[in-house]
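A short worksheet on the structure shown next.
The numbers here are math on the coordinates, done by the rules we state, and not lab data. As the structure is a computational prediction, the values presented were derived from the model and not from experiment. For neighbour counting, all protein chains shown are included, and Cβ atoms are generated from backbone atoms with ideal geometry for every residue, glycine included.
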Amino acid sequence: MDILRYSWLTSLLPFLAAVSSATPIDSAWDVFDAVEYRRGDAFLELLSKDVRTGVDQAWNTLRGMALEDPVLAGAFLERMGLEIELSRLEPMAEDDFVSLLLGSVALPRHGEVVSESVSMRGENALVTFSLASGGSIVFDFHWEDTGWKLTGSSLLSRLFQPRGG
């Protein structure tokens, strides 16, 4: 009898683990952690399918540009605020590149978040972190498959758009 009870519990644990971080606020904190610890793999997993497709396309375009027009690719990387040798791009995995990008983002520390709120409409959620400085960070999420996926944020804009003119 005990074997059956434990076997049932063991099969339930993965489900419980998924449910434990199933809120939009939990997903927003996961984004914070991925940025803070420069975990490109975790960050990519948090993106919606559409956003992820766009990131994948941008990554492939950048790698192609590095081969076809290294001067242009170097200038583009410089405008993104990254100092990386073009020869490192070809063998680099996309999540490693995103980890480098995450290093260029200055998010407030966890302790600077004074409140969090969520506004939900159907399968969409808007999460706002209010900061001690008076500012805020807003994350847009959409429910996809089995979790809340990031669809928009000023954070995404800062990461994937070149700086300057």
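Could you give the length gained by full extension between A58 and S133, i.e. 0.36 nm per residue of separation minus their alpha carbon distance, to one decimal place?
Working: separation 75, 0.36 × 75 = 27.00 nm, distance 3.35 nm.
Using 0.36 nm per residue and subtracting the Cα-Cα distance, I get 23.7 nm.
Highest mean first, what order results for 138-148, 23-33 on Cβ atoms within 10 Å?
Working: 138-148: 17.7, 23-33: 19.4.
The most tightly packed comes first, giving 23-33, 138-148.
What do you get when you divide the Cα radius of gyration of the range 23-160 by 2.2 N^0.38 Å, with N the number of residues?
Numbers: Rg = 16.0 Å, N = 138, 2.2 N^0.38 = 14.3 Å.
Cα-based Rg divided by the globular estimate yields 1.12.
Tell me the label-point distance for the pair S154, S104, using the 7 Å Cα-to-Cβ offset, in nm and rounded to one decimal.
1.8
How much length is gained on full extension from E45 to R121, taking 0.36 nm per residue of separation minus their Cα-Cα distance?
On the way: separation 76, 0.36 × 76 = 27.36 nm, distance 2.26 nm.
That works out to 25.1 nm of additional length.
Give me the net charge of A34's neighbourhood, meaning all other residues with Cβ under 12 Å from the Cβ of A34; Lys, Arg count +1, Asp, Glu -1. Don't skip to the answer; put the middle values down first.
Working: positive: R38, R39; negative: D30, D33, E36, D41, E45, D95.
So the surrounding residues net to -4.
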